[in-house]
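Accompanying notes for the structure given below.
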Amino acid sequence: MNVTTAQPLNGSASLSAEGILPERVIHAMFAGGEISAPEPPVSGQVQPASLDLRLGAVAYRVRASFLPGPRIRVAHRLEQLKLHTVDLAVGAVLETGCVYIVPLQESLALAPDISATANPKSSTGRLDVFTRVITDNGLAFDTVPPGYTGPLYAEISPLTFPILVRTGSRLSQIRFRRGHSLIPDARLEEVHKAHTLMSGGNERIGNGVQLSIDLEGDGPGSLIGYRAKQHSGLIDVDKVGAHDPLDFWEPIYRRRTAELILDPDAFYILVSQEAVHVPPDYAAEMVPFDPLVGEFRVHYAGFFDPGFGHAGAGGIGSRAVLEVRSHDVPFIVEHGQTIGRLVYEHMAERPERLYGEGIGSNYQGQALKLSKHFRMSA
């Protein structure tokens, strides 16, 4: 087995600075027992500022999504809600419209000053696979409180495409932090002046870097996005470049006006106007621009690692791909409309390797791009 290993010190106690914990410290947390798994991390599993989480041996089909609540273990709720058990050892299909709970291989024994948040991986979000991480006693999804000790579970619900997964498949990622690391707007303005966090669009900062949608493309007739087809085939989440995009997606071309009507319950891949930059000493996460709007959901997979869009790591001009799902009514989005925002956090320590530096980064230097599972030409 190929294992990427940095020389650990003594767990996360080797670093006392506040901020997002880098790759070196994540490896140290494995060595110190703060992260444990039946197998050591495989090559590419530890990213510059996050850890991919591996599916365990079984999936439980459940009646409904749930949070366990105070003093309740996930395993206890599974006994009440599971419909049947799916063996993932040789691979299994997770069907659309169903909810599955999968025990993850990684479990945690965090120090009292370390917390974590989880998110779908970029490739997971671009397949419209809704996935969240749950902990014992959990009061919120994708949130691990300081000092948590216990197992992790993934809730998985494919919304558009059925997916083939197996033990070891990686759909979610987790980011560890010590203390408070969010960068306020006043400081973010200074970082932008020094490092150019976004370019080529509206270039606005307000509760983070605001991102707007590109519906002009290269002019009339140019490709501006993709709409997922209904009733398509099966996607193997572990196979790269194995699927014909036209079997799963309808290309969307710009017509007379730079606007798009989002159909209810349809799923779209679109792209930001702005090229995004995450400097080496920072990490970023995409969050909704205004959660009160409610007409659509943008970007299931929100983590941007240090070095994304960084010229020194081959990423100059990397734009943010937007995973958009409309809700109850048709909704018009127009070119330049603000649709999301990037919030930045400082790293506790600069990572030894950046996103795009020989670590299997699939989306460095991207423009409009489907997930890695599809062949490049459409």
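Observations, loosely collected:
- Peptide packing for 117-127, 37-47 was compared via the average number of neighbouring C-beta atoms within 10 Å per residue; ordered from the highest value, the list is 117-127, 37-47.
- Value of Rg to Rh for the range 163-294, rounded to two decimals, is 1.01; Kirkwood radius and Rg both from alpha-carbon coordinates.
- R0 of 56 Å, Cβ-Cβ distance A37-T257: FRET efficiency to nearest 0.05: 0.60
- Rounded accessible area per residue of the chain, 1.4 Å, Å²: 41
- Sum of side-chain charges, I269 neighbourhood, beta-carbon under 11 Å (Lys, Arg +1; Asp, Glu -1): +1
- Computed over the chain, the per-residue total of -39500 (n - 2.57) for DSSP H runs of n ≥ 4 gives a 222 nm mean residue ellipticity of -2500 deg cm²/dmol, rounded to 500.
- Peptide ranges 325-338, 164-177 listed from the most packed, as the mean C-beta count within 10 angstrom indicates: 164-177, 325-338
- Sulfur and carbon atoms: percent of accessible area, the chain [1.4 Å]: 50
- For the pair R375 and K229 in one chain, pulling the backbone fully straight at 0.36 nm per residue adds 50.9 nm over the alpha carbon distance.
- Span-like helix ranges in the chain, DSSP H, alpha carbon extent 30 angstrom or more, Kyte mean at least 0.0: none
- The per residue volume of the convex hull around the alpha-carbon atoms of the chain is 136 Å³.
- Given R0 = 25 Å, the distance between the Cβ atoms of V287 and E216 translates into a calculated FRET efficiency of 0.50.
- Alpha-carbon gyration tensor eigenvalues x 5, square-rooted, for the range 29-108, Å: 25, 17, 11
- One decimal place: the segment L182-E203 gains 5.6 nm when fully extended, by the rule 0.36 nm per residue minus the C-alpha distance.
- Extension gain from R63 to T149, taking 0.36 nm per residue of separation minus the Cα-Cα distance: 28.3 nm
The values are calculated or read from the model by the stated rules, or taken from the named source; none is laboratory data. None of the values given here were measured: they were computed from a predicted structure. With ideal geometry, Cβ positions are generated from the backbone for all residues, glycine too; neighbour counts draw on all protein chains shown. What goes into the accessible areas is simple: the full protein's heavy atoms, side chains included, and nothing from ligands, DNA or RNA. Shrake-Rupley method; radii C 1.70, N 1.55, O 1.52, S 1.80 Å.
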